[in-house]
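All remarks here apply to the structure that follows.
The values are calculated or read from the model by the stated rules, or taken from the named source; none is laboratory data. Model, not experiment: these values are computed from the prediction. Reconstructed Cβ throughout: ideal geometry from the backbone, glycine too, with neighbour counts over all protein chains shown.
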Amino acid sequence: MHIKDIFSQHTPTFSFEFFPPKSDEAENQLLQAIHELEELIPSFISVTYGAGGATRQRTHDLVLRIQRETSCDPIPHLTCIRHTEREISDILQRYAAAEISNILALGGDAPRDLGDYDRSRDRFRHAADLVRYIKDFNETGLHPDPRGFGIGVAGFPEGHPNTPNRLLEMDYLKAKVDTGADYIVTQLFFDNHDFYDFRDRCRLAGIQVPIIAGIMPVTSSKGLMRMAELALGAHFPAKLLRAIARCHGDEFYVRKVGVQWATEQCRDLLDNEVQGIHFYTLNRSTATREIYANLGVKNSRMLEKQS
């Protein structure tokens, strides 16, 4: 389903993100987690793309497997870095032929083993360039949907770590939207005030597309450190850190604190008319299902299935 149809029929949206596993065994475990979350009838499922395209074939294979073996709408990530125009064109043609409806267009991060990678060698320097190219591809009529791909882009409530000038950063985001993006999904955050301020600044800048809030529950002390690494620049509120410190390293209670914190974030977001919530699952289903249960969520698609 095209993302515009998803938003017109099911708001707020609820969606999940997974990354392509590195082995066949891990992929089977991931499909089990996806099947467990399928019961929640998500609006869509997104699949990440490895740094520099390192896992791009597994991304493609997983997206097609989700489409073939589940009732979920998969949205593949696609990044600019280390890609030629021909490669991007081939990827878009393959997804169009498979009737994949949407793409999340990202600038991407260079693989760590490449050190200071020179982006000037890439055909697409910024996400806005990739959005423009996908938009042009949509005009070719190669996609079975006359509208072509729905296009999503990333937003950063606390600011992009590579763009310290926040006014300039908003200009970059608006350029992605003006070029053809249909929606924004945010980086994870732990303080909803950061999201509300970001949403207000987007509206002041004339950005009117739906903005989906990215949520990742803390499920372990180790996971907390990984989240800090994944979301460079994200701040962890002192109230959350105090609650985790009271667990004195007991991972059972750390997990309970993290799930409760994410639950309250989601409850507050829903009360403040968020247009969608996107769960960063780290390829697990349990915490997300617990949050749903805590919220008593019955989204419109779940109600349709029951009727």
Given the criterion at positive phi, surrounded by 18 or more Cβ atoms within 10 Å (Cβ to Cβ) and either modelled with pLDDT under 90 or not in a helix (DSSP H, G or I) (or both), identify the matching residue among ILE45, ILE41.
ILE41
Single condition LEU168 does not satisfy, out of (1) over 26 Å from ILE45 (Cα atoms); (2) hydrophobic (A, V, I, L, M, F, W, C); (3) in a loop (DSSP other than H, G, I, E, B)
(3)
Among all residue pairs at least 6 apart or on different chains, which show Cβ distances below 7 Å where the first residue, located in the range 63-80, is closer than 16 Å to GLY152 by Cβ and in contact (Cβ under 8 Å) with a residue 60 or more places away in the chain and the second is among the polar types (S, T, N, Q) and part of a strand (DSSP E or B)?
ILE75/SER46; ILE75/ASN102
Which members of the range 222-256 meet the condition of being assigned to a helix (DSSP H, G or I), within 21 Å of the chain's Cα centre (by Cα) and surrounded by 12 or more Cβ atoms within 10 Å (Cβ to Cβ)?
GLY223, LEU224, ARG226, MET227, ALA228, LEU230
Among the residues in the range 257-272, are any more than 16 Å from SER15 (Cα to Cα), more than 21 Å from the chain's Cα centre (by Cα) and surrounded by fewer than 14 Cβ atoms within 10 Å (Cβ to Cβ)?
yes
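Restricting the range 207-221 to residues that are aliphatic (A, V, I, L, M) and under 18 Å from the mean Cα position of the chain (by Cα), which is farthest from ARG284 (Cα to Cα)? I'd like the intermediate steps shown before the answer.
First, pick out the residues of the range 207-221 that are aliphatic (A, V, I, L, M): 207, 209, 211-213, 215-216, 218.
Now restrict to residues that are under 18 Å from the mean Cα position of the chain (by Cα): 209, 211-213, 215-216, 218.
Values: VAL209: 29, ILE211: 24, ILE212: 20, ALA213: 19, ILE215: 14, MET216: 11, VAL218: 12 Å.
Ranking the qualifying residues of the range 207-221, first place goes to VAL209.
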Could you tell me whether the range 201-211 includes any residue that is under 28 Å from PRO74 (Cβ atoms) and surrounded by fewer than 18 Cβ atoms within 10 Å (Cβ to Cβ)?
yes
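Right, THR163: among the β-branched types (Val, Ile, Thr), touching a Phe, Trp or Tyr at 6+ places or on another chain (Cβ under 9 Å) and at pLDDT 95 or above or not? First the steps, then the outcome.
On the way: among the β-branched types (Val, Ile, Thr): yes; touching a Phe, Trp or Tyr at 6+ places or on another chain (Cβ under 9 Å): yes; at pLDDT 95 or above: no.
The answer is no for THR163.
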Tell me the residue from THR163, THR219, THR140 that is without any contact (Cβ under 8 Å) to a residue 24 or more places away in the chain, part of a loop (DSSP other than H, G, I, E, B), over 25 Å from GLU87 (Cα atoms) and of a type in the set (S, T, N, Q), please.
THR163
Hey, can you tell me all the residues within the range 11-25 that are assigned to a loop (DSSP other than H, G, I, E, B) and touching a strand residue (DSSP E or B) at 6+ places or on another chain (Cβ under 6 Å)?
PRO12
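Could you check the range 179-193 and list, in sequence order, the residues that are farther than 23 Å from SER46 by Cα and either free of Cβ contacts under 8 Å to residues at least 40 places away in the same chain or touching a Phe, Trp or Tyr at 6+ places or on another chain (Cβ under 7 Å) (or both)?
Start the filter on the range 179-193 by keeping residues that are farther than 23 Å from SER46 by Cα, which leaves 191, 193.
Correct list: HIS193 only.
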Failed item, numbered, when GLY115 is tested on (1) farther than 29 Å from THR286 by Cα; (2) modelled with pLDDT of 95 or more:
(2)
